[in-house]
Amino acid sequence: MPITAYVLLKLRPAPIEQLKKEIDKIQQIKDCSIVTGEVDAILFIEVEDTQELFEVAKKLRDIPFVLDTRTSIVISKCK
């Protein structure tokens, strides 16, 4: 059973195309939304296990314009 998670990103100013290019390199990212508020983007991720989630988070933190990441694993769905 796959693990799903949301990753919230805080970013330095960068063109959306640059973010899309980096996100496209990570196949576990199923959706990316640019948002307003305290974070700049929210990613929906699907992985096989927590080790793979850790590896995806590390790849995201290695992107030069990513300032911070926060990961929340989905434990239940409301809808």
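No lab work stands behind these numbers, since they all come straight from the coordinates. It should be emphasised that the depicted structure is a prediction, and the values quoted were computed from it without experimental measurement. Cβ sites come from the backbone with ideal geometry, for glycine too, and all protein chains shown count toward neighbours.
Over 18 Å apart at the Cα level, from the set Lys25/Lys59; Lys25/Lys58; Lys21/Lys59; Lys20/Lys79, are Lys20/Lys79.
Calculate the translational D of the chain in whole µm² s⁻¹ from Stokes-Einstein, where the hydrodynamic radius comes from the Kirkwood formula applied to all Cα pairs, the temperature is 25 °C and the viscosity 0.890 mPa s. Present the calculation step by step, with values, prior to reporting the outcome.
On the way: Rh = 12.8 Å.
So the translational diffusion coefficient is about 191 µm²/s.
If you fit an axis through the alpha-carbon atoms of helix 50-61 and take the longest principal axis of the Cα set of the chain, what angle between them do you get, 0 to 90°, nearest 10? Once rounded, one gets 10 degrees.
Both radii were evaluated on the Cα set of region 15-55; the Rg over Rh quotient, with Rh as the Kirkwood radius, amounts to 1.01.
Working ranking of peptides 35-45, 65-75, 11-21 by packing, defined as the average number of other Cβ atoms within 10 Å per residue, highest first, is 35-45, 65-75, 11-21.
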